[in-house]
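The values are calculated or read from the model by the stated rules, or taken from the named source; none is laboratory data. Since the structure is predicted, the reported quantities are computational estimates derived from the model, not experimental observations. Note that we place each Cβ from the backbone using ideal geometry, even for glycine, and neighbour counts take in every protein chain shown. Only protein heavy atoms, including side chains, enter the accessible area calculation; ligands, DNA and RNA are left aside. Shrake-Rupley method; radii C 1.70, N 1.55, O 1.52, S 1.80 Å.
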Amino acid sequence: MTTAPLPLPARLTPDACVRALAARDPRFDGLFVVGITSTRIYCRPICPARVSHTEHRRFFPSPASAEQAGFRPCLRCRPELAPGRAPVDAISRLGSAAAQRIEAGALNGSSVTALAAELGVSARHLRRALEREYGVSPSELAQTCRLLLAKRLLADTSLSVTRIAFASGFQSLRRFNAAFRAQYRMSPTALRRKRGRKDSLGDGLRLTLSYRPPLDWSGLLEMLERRALPGVEKINHGRYTRTVRLDGQAGVISVANADGHLIVEIASSLVPALMPLLPQLRRLFDLDAEPLMIDDHLARTGLAAQVLERPGVRLPGVLDPFEAVMSVLGRMGGSPQVLRRVVERLGEDFTSSDADVTHLAPDAARVAAVGTDPLVEAGMDVTAARALVNVARAMSSGGLRLDAGGDMDATCAQLQGAGVPEAAAQVIAVRTQCWPDAFPSNAGVSLEQAEAWRPWRGYAVALLELTPRLVGVKPGLYPYQSRPTAATARSQRLPQ
């Protein structure tokens, strides 16, 4: 295979690019382009065109480097629209970030100017980026997102039309009715009559989240249980339950696995926060992964026994990035009991029907305000407590963002600058950035061995973590984890 004349991003090798291209994994879109020597055309890794022979490919770090080598852009996948993270892709990156914020409800009751200020650009530049990336204005994109959520709630829940209107981000029922009629040429109530009303779930609602099977749900729950915040999260009998605070709303969610989808039960108090909550849940459970492609590659590169035992492994994300920081640092030289005391002292009491879910997680502003003393009194290591407070202050001031899709290297550098040890910083970045090729430096496997698993080393590490008896290592390849949970011991027949 011919390699690129310019270096690829540090996270990728030509072999990793070959695998990402075969999978058409969208998480690599924008990190590289592939030039086809027989046609002199270069494409994004997600291009729907037929994949060429290996000997006809050349990989480039950016469209600019491909064009410098004499290739022209594909007219189907349009490489200029790739949401990359390199400087050359700044407008694409801005458009993607803005679209994610709008889909989460950033323009519901707020202005384009405010969103642009949050993203550090002018409103004019933001409009231009979205027009180029999606062919619509920010307001048009927001309207589409609201209507799609409303259509889903009308079809799948028994919420009143009025509650659906406000839950979907509309500021009045009149505007909702007018927009719905204009877009779908029927009234909201007419759609509900066609689809039929769904059974209500007491005072809450039940929605489904689809995924591509297989899904190692038990393994996903094991990993979530090892990093859970006591009093905030609970895993029991195949169900994940937790408190949530989002956009000024608080409540409990409960998630279980069914055939080909997750069933999510959401408290009625969280209905106004549905727009940001649903995409965050997809990231938490890694529901957009391509498990068949990932499993096939890992099975062919030395992990066949692990894949056979755990098909469909996922990389869990986070609902609140600060919780990941607290979970990792709280376990440095400590235990879940330390975290429980931190949650009880700094978290907000919350009454629910589940006796094990009793608190809302402390947020960054709260930890930044109280300083290190309460953390040390709860049993946290002094160094870890100082690092946690430093990160909390950086996040509260806006100087540190741990959003999905960010720059792993820059995030790790910022965390280490706040006093977080290198290994802990890597784990926090892995959990918050949702990067599939993440590989912690103390994963217990050599870089040479892990090279064959690229670009899905993160999934390989998760497999090794979940199948320790197959490789003769202890559970917990990620640092600062507690001993194997009861669920882990039962599933793998280990002595508790």
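Structural remarks
- Taken as entire DSSP H runs, the helices of the chain that both span 24 Å or more between Cα atoms along their own long axis and average -1.0 or more on the Kyte-Doolittle scale are 138-156.
- Peptide ranges 321-328, 229-236 listed from the most packed, as the mean C-beta count within 10 angstrom indicates: 321-328, 229-236
- Rounded to the nearest 20 debye, the dipole magnitude of the chain is 1640 debye, with +1 charges on Lys and Arg beta carbons, -1 on Asp and Glu beta carbons, and the Cα centre as origin.
- Cα centroid separation - the range 143-187 against the range 376-428, whole Å: 40 Å
- Estimated 222 nm signal from helices in the chain, with DSSP H stretches of n ≥ 4 weighted -39500 (n - 2.57), rounded to 500: -13000 deg cm²/dmol
- Checking Cβ-Cβ separations below 4.7 Å across the chain identifies Cys17, Cys145, Cys412, Cys434 as cysteines lacking any candidate disulfide partner.
- Relative contact order (%) - criterion: Cα under 8 Å, at least six apart; region: the chain: 11 percent
- Where the range 115-178 is the region considered: accessible area per residue in Å², 1.4 Å probe: 48 Å²
- Based on the Stokes-Einstein relation at 20 °C and a viscosity of 1.002 mPa s, and on the Kirkwood radius from alpha carbon pairs, the range 265-366 is assigned a translational diffusion coefficient of 128 µm²/s.
- FRET E, pair Ala256, Glu55, Förster distance 41 Å, beta-carbon r, rounded to 0.05: 0.30
- Split the accessible area of the chain by element, probe 1.4 Å, and carbon with sulfur accounts for 50%.
- Prolate/oblate/rounded label for the range 195-336 (Cα gyration tensor, a/c 1.5): oblate
- DSSP-defined beta bridges in the chain - what % are antiparallel, rounded to 5: 90 percent
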